[in-house]
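What follows is one structure encoded as structure tokens, with my remarks underneath.
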Amino acid sequence: MRFSRAILFSMILLACTSASAQDRFEIYGVYSYLHFSPTITGVQSRSFNGGGGGATLYFLKIFGLKADFMGYGSTSFTQTYNSPVIIPGRGSIPAGTYTSQGDMFTYLFGPVLRIPTPLIKPFGEVLFGGSYTNAYVNLSKQIDQAGGTITTPSQHPFTMAAGGGVDLSVSHRVAIRLGEFDYILTRYTNPLTSTNNQNNFRYCGGVILKF
């Protein structure tokens, strides 16, 4: 249901372009790097590589509304327990080493403010939406296959991005996103702790088409 609403919102943005003036609507495709902090003791932060795209509709060339969709390829999480672990109210974990593969997808929407200078356009943004990763679910399955009793349902938690970047115009219709740097908050509940806040970092860079 949430994903359907995200698609509907992006379609509304596209429909609004008929009422927009020149250089008011942008679509973009970018490479994206995500530094994800799983908040599991003993598991280091992971690097996701991926990409995606989206669209921004500007009003008065300064304020815009943005729809942003990113997908990230598989990375692995490995955790070792030298002795069995009992987590009250959440289950048990047998001793052993567990490795989980995980992808990630984010869908975010929100306001953008930019400085519309002719060549360089700095911007800032705050986006809200959701995300999905199968890393925690896959980790639970690995533990349960070894005799554990940890269960983690599929999650689409609240996700937020706050940051900004710089675009460089190279022609009337094309610009380069030199860099976009965002703090990303996700709220996944993992099978090993009660912590549900992950403080992450995202970089994006790519090509923008202007209309």
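The values are calculated or read from the model by the stated rules, or taken from the named source; none is laboratory data. Model, not experiment: these values are computed from the prediction. All Cβ positions, even for glycine, are placed from backbone atoms using ideal geometry, and neighbour counts span all protein chains on display.
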Taking segment 128-142 as the search range and keeping residues that are among the hydrophobic types (A, V, I, L, M, F, W, C) and touching a residue at least 60 places away in the same chain (Cβ under 8 Å), which one is surrounded by the most Cβ atoms within 10 Å (Cβ to Cβ)?
LEU139
Go through (1) within 18 Å of GLY29 (Cα to Cα); (2) modelled with pLDDT under 95; (3) out of contact with any helix residue (DSSP H, G or I) (no Cβ under 8 Å at 6 or more places or on another chain); (4) buried (at least 21 other Cβ atoms within 10 Å of the Cβ) for MET104 and report which single condition fails.
(3)
Please identify the pairs in which a residue from segment 143-158 that is within 10 Å of PRO94 (Cβ to Cβ) and surrounded by fewer than 16 Cβ atoms within 10 Å (Cβ to Cβ) has its Cβ atom under 9 Å from the Cβ atom of a residue that is modelled with pLDDT under 85 and of a type in the set (D, E, K, R), counting only partners at least 6 apart or on another chain.
THR149/ARG90
Out of (1) out of contact with any Pro (no Cβ under 9 Å at 6 or more places or on another chain); (2) within 30 Å of ASN190 (Cβ to Cβ); (3) among the small types (Gly, Ala, Ser), the one SER171 does not meet is (2)
Only one of (1) within 16 Å of VAL30 (Cα to Cα); (2) touching a Phe, Trp or Tyr at 6+ places or on another chain (Cβ under 7 Å) does not apply to GLN155, and that is (1)
Is it the case that some residue within segment 145-155 is in a helix (DSSP H, G or I) and either more than 18 Å from ALA55 (Cα to Cα) or among the polar types (S, T, N, Q) (or both)?
yes
